[in-house]
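The values are calculated or read from the model by the stated rules, or taken from the named source; none is laboratory data. The structure displayed is predicted, hence computed values, not measured ones. Please note: Cβ atoms are built from the backbone with ideal geometry, for glycine as well, and neighbour counts cover all protein chains shown. Just so you know, the surface numbers come from the protein's heavy atoms only, side chains and all, with ligands and any DNA or RNA stripped out. Shrake-Rupley method; radii C 1.70, N 1.55, O 1.52, S 1.80 Å.
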Amino acid sequence: TRRGILSVASSLYDPLGFVAPVTLIPKLVLQNACRHKLGWDEKISDTDAEVWSQWLVSLSELSKGSIDRCRVPRQLDTSSRKFQLHIFSDASEKAYGSAVYLKVYDAYGNSNCSLVMGKSRLAPIKTLSIPRLELAAAALAVKLYLMVAQELDVEIHERFFWTDSMIVLGYINNEKRRFKTFVANRLALIHESTTPGDWRYVPSKLNPPDLASRGFYPYDTDKLLT
């Protein structure tokens, strides 16, 4: 039922979004139940029940995954080290997400890159086009950047925003045309905190939030570490 699924899914504590792709699965099941206007104690469809059962059974696999929380390895030269933030965004018809990575490097070629925070959000029940969802993901990336930049106790020397949508890059680089409300509001947020020169293209296969926009089961947690 919706009530039982929400209770279990909400018990997974993940404020930094390290396993956001995993927690997306029960959210999609809940959204589908809402789409079919099921009550809190009505049984979900057999298809959704199978997805939920598979997710629940494999949940224990999360304990096998690990993420190195060390941001700045000792071998980096303290006097010459610099910090970069790389913020990625992606969307699918199901959801959209963003991930923030901190890269630290020194003058001797030593470097380290680590996941700082991620977030995944469901696409609205009312259907939106993929370009609009990609733009929503880009706006989410800016919000995550502002939060992370404020909370990190290091000086950020460079920042790079990455998307696999050429349409979004076209939106961001077009500062003269007037857009409809949905697009205009998100572009206003993006332009307020970033410049078009901050944004780059990344191929879909190399875009980490692709996982956060599609979801995967806990037994695929190794994907988080690659």
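Things to note:
- Subset tally (residues that are farther than 23 Å from residue 201 by Cβ, open to solvent by less than 70 Å² (accessible area, probe 1.4 Å) and free of Cβ contacts under 8 Å to residues at least 40 places away in the same chain) for segment 110-141: 2
- The residues of segment 181-221 that are β-branched (Val, Ile, Thr) and not in a helix (DSSP H, G or I), listed by number, are 194, 195, 202.
Conditions tested, residue by residue: (1) free of Cβ contacts under 8 Å to residues at least 24 places away in the same chain; (2) exposed (fewer than 11 other Cβ atoms within 10 Å of the Cβ); (3) assigned to a loop (DSSP other than H, G, I, E, B).
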position	(1), (2), (3)
18	no, no, yes
29	no, no, no
52	no, no, no
69	no, yes, yes
75	no, yes, yes
96	no, no, no
101	no, no, no
108	no, no, yes
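- Hey, residue 209 open to solvent by less than 10 Å² (accessible area, probe 1.4 Å), farther than 19 Å from residue 91 by Cβ and touching a residue at least 40 places away in the same chain (Cβ under 8 Å) or not: no
- Residue in segment 153-160 that is over 13 Å from residue 86 (Cβ atoms), without any contact (Cβ under 8 Å) to a residue 60 or more places away in the chain and surrounded by fewer than 16 Cβ atoms within 10 Å (Cβ to Cβ) present: yes
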